[in-house]
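Asker: Just dropping this structure here.
The values are calculated or read from the model by the stated rules, or taken from the named source; none is laboratory data. Values in this document were obtained by computation on a predicted structure and should not be read as measured data. In case anyone asks, the SASA skips ligands and DNA or RNA and just uses the protein heavy atoms, side chains included. Shrake-Rupley method; radii C 1.70, N 1.55, O 1.52, S 1.80 Å.
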Amino acid sequence: MPMGPRESPAAGRGGGCCCLVFAVLPVAWIVAAPLLPESVFWFPFWVGAVIWNGTDGHGGISHLLD
């Protein structure tokens, strides 16, 4: 079936596929948690703490709320 100039093969498909990856990652982490070593299991929490408090514990984005 020929397509017009405005139609593309993915015209009916939404762009939510790439966002699905970010939704699946936390679920996969929780499912895999019993199999992970303790240091690897705590890595996301450590990254969040470093972003919030900074590497020295006094910077990061937490000072924006002061």
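Asker: Which condition number in (1) open to solvent by 100 Å² or more (accessible area, probe 1.4 Å); (2) over 16 Å from the mean Cα position of the chain (by Cα) is the one that residue 57 fails?
Answerer: Residue 57 satisfies every listed condition except (1).
Asker: A follow-up question, please. Within the stretch 44-54, count every residue that is open to solvent by 60 Å² or more (accessible area, probe 1.4 Å) and closer than 19 Å to residue 29 by Cα.
Answerer: 2
Asker: May I ask you to verify whether residue 38 is of a type in the set (Asp, Glu) and either at pLDDT 80 or above or open to solvent by less than 100 Å² (accessible area, probe 1.4 Å) (or both)?
Answerer: Taking the combined requirement at face value, the residue satisfies it.
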